[in-house]
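This report refers to the structure that appears directly beneath it.
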Amino acid sequence: MRKSQWAVIPLLFAAWTEAVVAGPKPQQGAIVSHTSVTCGTKKSKKQETDLLCQEYVVRAATTDYTIRQPKPQDQELISLNTKIQFTLNKNKMKFKVNGTSYEFLIVSQAAAASPADAR
């Protein structure tokens with residue numbers, strides 16, 4: 001191999017390791033709405049009870065993400081207009097609020113409404 005080819009190999013390796021090690025980049029967003037949705041049922045003796053999951057809309061710079069709890073559980077509500085820093089990994093969003101880590105499923109995503117569209 002020529003010397004120039006050997007000089008390129010470390011550069012390619014450095015770029016590859018940076019992409020692998022860095023992982024998903026954190027993004028800024030805010031929780032803009034909240035609803036409770038049915039996400040299953042619980043049977044006990046003769047009654048069937050609907051289970052509720054929390055669903056939020058997180059607005060990032062250009063995208064609105066609708067996220068939902070992966071399974072029904074007792075979880076504190078997250079206040080509206082809470083600023084978060086989140087990461088996306090496949091169909092999941094991970095973030096921390098007040099020292100508590102959360103992992104939600106991404107249900108949908110849409111272009112964020114611009115201020116001119118709100119009129």
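For VAL107 and THR38, compute 0.36 nm times the residue count separating them, minus their Cα-Cα distance, and round to one decimal in nm.
Values: separation 69, 0.36 × 69 = 24.84 nm, distance 1.37 nm.
Using 0.36 nm per residue and subtracting the Cα-Cα distance, I get 23.5 nm.
List every residue whose amide H lies under 5 Å from the amide H of THR63, counting only residues 5 or more places away in sequence or on a different chain, with H placed 1.01 Å from N in the peptide plane.
Counting only residues 5 or more places away or on other chains, the set is ALA112.
Readers should treat all values here as calculations from the given coordinates under stated rules, not as data from a laboratory. Quick caveat: nothing in here was measured; it's all calculated off a predicted structure.
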